[in-house]
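Q: Handing you a structure now.
The values are calculated or read from the model by the stated rules, or taken from the named source; none is laboratory data. In this text the structure is predicted, and so the values were computed from the model without any measurement. All Cβ positions, glycine included, derive from the backbone under ideal geometry; neighbour counts span all protein chains shown. Remember, those area values only see protein heavy atoms, side chains included, never the ligands or the DNA or RNA. Shrake-Rupley method; radii C 1.70, N 1.55, O 1.52, S 1.80 Å.
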Amino acid sequence: MSRVTDLVKRLLVGRALRSTQLHHQLLPKRLALPVFAGDALSSVAYAPQEILVILSIGGVGLYGFGPWAAAGVVLVMLTVVASYRQNVHAYPSGGGDYEVATTNLGANAGLTVASALMVDYVLTVAVSVANGADYVGATIPFVAEHRPTVSIAIVVLLTIVNLRGIRESGVAFAVPTYAFIVAVLGMVLWGLFRLLVLGDRLHAPTADFEIVAEQADVAGFAMAFLVLRAFSSGCAALTGVEAISNGVPAFRKPKSKNAATTLLMMGLIAVTMFSGIIFLGLRSGVKLSDPATTASHILIHGRPAGPGYHQQPIIAQVASAVFGGGSLMFVVIAAVTALILFLAANTAFNGFPVLGAILAQDRYLPRQLHTRGDRLAFSNGIIILAAGACLLIWAFDADVSKLLNLYIVGVFVSFTLSQIGMVRHWTRHLKTETDPLTRFQMMRSRLINGFGGCMTGIVLVVVLLTKFSHGAYIVCIAMPTLFLMMKGIRHHYDRVAEELTAPEEGEIDESMLPARNHAIVLVSKIHKPTLRALAYARATRPSSLEAVTVAVDAEEAAELQEEWDRRGVAVPLKILDSPYREITGPILDYVKSLRRRSPRDVVTVYIPEYVVGRWWEHLLHNQSALRLKGRLLFKPGVMVTSVPWQLASSDRLKGRREPMGPGAVRRRYGAGRDEHVKTGGGRDAG
């Protein structure tokens with residue numbers, strides 16, 4: 001069975017890699033960009049659209065505020081990118097926002113950031129994959145009908161790719177990511193060329209449609225709030241910016257410099273695509289409405305669109321205006337956009353495991369998350385992320401509109417706290433820095449971080465106010481729950497470490513030195529495993545040794561005693577009565593009686609066990625031993641030793657077992673009156 005599972009594992013994740021090969025798994029900038037920037041780059045597929053969808057609530061007349069909202073998003077994005085370039089230089093260990101907040105604002109702030117990021121990473125996978133399934137489902141009915149199943153299958157596929165190692169996942173995702181970048185930038189450049197140089201008029205498929213405002217006569221505070229809400233929705237373009245700061249350890253040396261360069265490249269590309277798409281969308285007359293109300297609020301030639309109308313996303317409409325609907329480039333852009341939405345989840349698959357490993361190292365998460373798998377990836381973190389995303393997809397039926405209400409809350413919590421932390425970082429260093437040029441650079445960085453903290457804080461407040469009742473409250477519950485869980489884990493590890501602290505060198509803890517060692521060998525019948533356990537127990541030279549059996553059946557117990565005496569086994573046999581035919585209880589009671597009699601003594605229980613080679617054989621043997629060991633482990637002063645006996649099915653190399661004929665057994669384990677062991681009762685057995 002082990003060979004079968006190992007073969008399947010190798011087929012899925014590849015051959016195991018040595019720890020010394022870790023440097024071969026580090027990423028150059030050309031592969032780090034698609035690995036860590038997929039989420040931020042893919043957000044241009046829906047962030048510009050979200051701005052226009054929110055503004056359409058007040059009617060198409062509010063589209064005039066679209067460029068201002070987009071400019072605000074661009075300003076925040078550039079500010080955040082500039083801030084995180086400082087982060088990767090100041091904190092290159094990969095802790096990112098968590099390390100910044102912990103160092104400058106305290107452990108509680110760091111845990112708040114960590115819980116926010118972990119929730120957001122899970123949501124990134126769920127939203128990206130579900131959004132991609134929606135996009136494909138618009139053209140393939142089978143995907144639309146089985147959207148949750150298809151989405152979960154895609155998450156599983158992404159999990160397998162990432163389990164093969166970050167370098168292989170980078171190679172796998174590089175081509176589609178760069179294809180998306182080239183296609184969208186090519187569309188933007190060609191559209192601008194047609195508008196500004198050729199003087200052509202771009203015409204989107206919905207340019208002649210009308211929008212019925214949900215809220216008529218929007219003015220004053222209501223209009224300002226609506227524009228602010230559109231701005232906050234467009235800030236979905238910032239999701240994933242923090243992933244590079246969390247993934248600095250995955251870069252090749254010089255790590256900080258390469259990470260900062262990659263972050264700048266990602267920011268410039270994302271800003272260019274975002275600005276170009278919303279500019280061309282407005283110039284070509286794109287009309288968008290909330291998907292939940294599209295059928296009644298979109299008017300085609302004066303009539304409602306009706307339930308059969310499918311609203312094309314903004315990239316598809318811009319591509320149709322620039323290249324013409326049904327053209328080759330239109331199909332290419334539609335295909336790479338759908339693909340990049342799936343691959344955007346890969347950003348979380350690289351950020352979440354690294355963050356989990358750092359938290360595990362700080363003892364806020366189970367230590368298993370800090371262990372690298374066969375392919376030098378943090379396999380446990382990858383699997384936990386995938387499981388959480390699949391659970392969300394199943395719970396929300398892969399409904400993007402519902403999942404989006406949970407989105408971007410966590411990331412703006414981490415943005416805000418991180419940048420406040422960076423302000424304190426620069427303030428602390430300014431107190432000791434005397435060089436004028438360095439002080440000027442620090443003050444400039446502090447100004448950037450302070451402005452970014454204010455902007456992201458405003459966005460966070462607006463997001464909470466506008467999305468709380470629509471699902472964001474779930475994140476507001478999940479984050480404190482995760483926070484308290486991590487505090488509890490840290491408390492447990494601290495308490496265990498305190499209990500296990502060894503005395504100083506030269507000191508001897510007298511409580512660790514037992515007065516005597518009482519050895520007990522559990523016996524069910526006289527056979528080779530029993531004799532081996534007896535021999536091993538004798539070899540340890542305990543203070544006293546006895547064999548113990550439980551009389552579940554009185555007749556069998558009498559037969560065992562008779563055979564024991566006939567063979568002359570040089571160890572006394574004690575039979576425990578069991579009126580209720582239970583095995584574990586009488587043994588536990590007997591062990592406790594020995595401990596009560598001599599509290600400073602140690603009781604060692606030797607349990608003979610079969611070693612089998614087939615999975616189904618495990619179900620037929622050792623069940624009583626497992627239950628007994630599980631109970632004995634909780635008894636202080638009791639040591640449990642398993643004495644294995646390998647059955648033929650466990651020995652794949654025949655002929656290597658030591659011969660154990662009756663003569664050999666008798667010679668090795670001893671019989672007769674010439675071999676004596678002093679028992680707890682003070683008599684000689686023989």
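Q: Any residue at all in the range 415-438 that is within 18 Å of Ala47 (Cβ to Cβ) and either assigned to a helix (DSSP H, G or I) or touching a residue at least 60 places away in the same chain (Cβ under 8 Å) (or both)? Steps first, please.
A: Within the range 415-438, the subset within 18 Å of Ala47 (Cβ to Cβ) is 415.
After this cut, where a residue has to be either assigned to a helix (DSSP H, G or I) or touching a residue at least 60 places away in the same chain (Cβ under 8 Å) (or both) as well, the list is 415.
Taking every residue of the range 415-438 in turn, at least one turns out to be within 18 Å of Ala47 (Cβ to Cβ) and either assigned to a helix (DSSP H, G or I) or touching a residue at least 60 places away in the same chain (Cβ under 8 Å) (or both).
Q: Here are Tyr98, Tyr84, Tyr121: which of them is part of a helix (DSSP H, G or I) and either within 15 Å of Ala260 (Cα to Cα) or in contact with a His (Cβ under 7 Å, 6 or more places away or on another chain) (or both)?
A: Sole residue among the options that is part of a helix (DSSP H, G or I) and either within 15 Å of Ala260 (Cα to Cα) or in contact with a His (Cβ under 7 Å, 6 or more places away or on another chain) (or both): Tyr84.
Results for (1) in contact with a Lys or Arg (Cβ under 7 Å, 6 or more places away or on another chain); (2) more than 22 Å from Leu189 (Cα to Cα), shown as yes or no for each residue.
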position	(1), (2)
Gly324	no, no
Phe330	no, no
Thr337	no, no
Ile340	no, no
Ala345	no, yes
Gly351	no, yes
Leu359	no, yes
Arg363	yes, yes
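Q: Give the residue, chosen from Ala40, Ala109, Ala71, that is open to solvent by 10 Å² or more (accessible area, probe 1.4 Å) and in contact (Cβ under 8 Å) with a residue 60 or more places away in the chain. Full working, then the answer.
A: Numbers: Ala40 fails: open to solvent by 10 Å² or more (accessible area, probe 1.4 Å); Ala71 fails: in contact (Cβ under 8 Å) with a residue 60 or more places away in the chain.
Among Ala40, Ala109, Ala71, only Ala109 is open to solvent by 10 Å² or more (accessible area, probe 1.4 Å) and in contact (Cβ under 8 Å) with a residue 60 or more places away in the chain.
Q: Additional query: Of all residues in the range 533-543, count the ones that are under 46 Å from the mean Cα position of the chain (by Cα) and within 13 Å of Val571 (Cα to Cα).
A: Step one: of the range 533-543, the residues under 46 Å from the mean Cα position of the chain (by Cα) are 533, 536-537, 540.
Now drop any that are not within 13 Å of Val571 (Cα to Cα), which leaves 533, 536-537.
The number of residues fulfilling the criteria is 3.
Q: Output yes when any residue across the range 146-156 is modelled with pLDDT under 85 and part of a helix (DSSP H, G or I), and no when none is.
A: Yes: one or more hits.
This table checks each residue for (1) modelled with pLDDT of 85 or more; (2) closer than 30 Å to Ala114 by Cβ; (3) surrounded by 12 or more Cβ atoms within 10 Å (Cβ to Cβ); (4) polar (S, T, N, Q).
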position	(1), (2), (3), (4)
Met443	yes, yes, yes, no
Val462	no, yes, yes, no
Met485	yes, yes, yes, no
Pro503	no, no, no, no
Gly506	no, no, no, no
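Q: Quick one: Gly585 ticks every box in (1) more than 15 Å from Lys525 (Cβ to Cβ); (2) assigned to a helix (DSSP H, G or I); (3) open to solvent by 20 Å² or more (accessible area, probe 1.4 Å) bar one, so which box is it?
A: (3) is the only condition that Gly585 fails.
Q: Quick check on the range 184-208: of everything there that is at pLDDT 85 or above and open to solvent by less than 10 Å² (accessible area, probe 1.4 Å), which residue is farthest from Gly132 (Cα to Cα)?
A: Filtering first and then ranking leaves Leu202.
Residue-wise test of (1) open to solvent by less than 20 Å² (accessible area, probe 1.4 Å); (2) among the small types (Gly, Ala, Ser).
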{"position": "Ile382", "(1), (2)": "yes, no"}
{"position": "Ala395", "(1), (2)": "no, yes"}
{"position": "Asp399", "(1), (2)": "no, no"}
{"position": "Gln419", "(1), (2)": "yes, no"}
{"position": "Arg428", "(1), (2)": "no, no"}
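Q: Just for the range 45-61: of the residues that are assigned to a helix (DSSP H, G or I) and surrounded by fewer than 22 Cβ atoms within 10 Å (Cβ to Cβ), which one is modelled with the highest pLDDT? Step through it out loud before you land on a result.
A: Filtering the range 45-61 down to residues assigned to a helix (DSSP H, G or I) leaves 45, 47-58, 60-61.
Applying the additional criterion that residues be surrounded by fewer than 22 Cβ atoms within 10 Å (Cβ to Cβ) yields 53, 57, 60-61.
Details: Val53: 83, Ile57: 78, Val60: 75, Gly61: 76.
Among those that are assigned to a helix (DSSP H, G or I) and surrounded by fewer than 22 Cβ atoms within 10 Å (Cβ to Cβ), it is Val53.
Q: Against the conditions (1) touching a Lys or Arg at 6+ places or on another chain (Cβ under 7 Å); (2) open to solvent by 20 Å² or more (accessible area, probe 1.4 Å); (3) over 23 Å from Ser650 (Cβ atoms); (4) in contact (Cβ under 8 Å) with a residue 60 or more places away in the chain, where does Val552 fall short? Just the number, please.
A: For Val552, the exception is condition (4).
Q: Considering (1) at pLDDT below 90; (2) surrounded by 13 or more Cβ atoms within 10 Å (Cβ to Cβ), say which one Trp615 fails and leave the rest.
A: (2)
Q: Continuing with this model, one more query. Report the residue count in the range 401-414 for those that are open to solvent by less than 10 Å² (accessible area, probe 1.4 Å) and either modelled with pLDDT of 90 or more or not in a loop (DSSP other than H, G, I, E, B) (or both). Break it down stepwise before answering.
A: If we filter the range 401-414 for residues that are open to solvent by less than 10 Å² (accessible area, probe 1.4 Å), which is where we start, we get 403, 406-412, 414.
Subset that is either modelled with pLDDT of 90 or more or not in a loop (DSSP other than H, G, I, E, B) (or both): 403, 409-412, 414.
The number of residues fulfilling the criteria is 6.
Q: Exactly one condition in (1) under 25 Å from the mean Cα position of the chain (by Cα); (2) at pLDDT below 85 is false for Val81; which is it?
A: If we test Val81 against (1) under 25 Å from the mean Cα position of the chain (by Cα); (2) at pLDDT below 85, just (2) comes out false.
Q: Name the residues in the range 235-277 that are open to solvent by 10 Å² or more (accessible area, probe 1.4 Å), touching a Pro at 6+ places or on another chain (Cβ under 8 Å) and at pLDDT 90 or above, would you?
A: Passing the criteria: none in range.
Q: Identify, by number, the condition in (1) at pLDDT below 50; (2) open to solvent by less than 70 Å² (accessible area, probe 1.4 Å); (3) under 15 Å from Leu545 (Cα atoms) that Ile607 doesn't meet.
A: The one condition Ile607 does not meet is (1).
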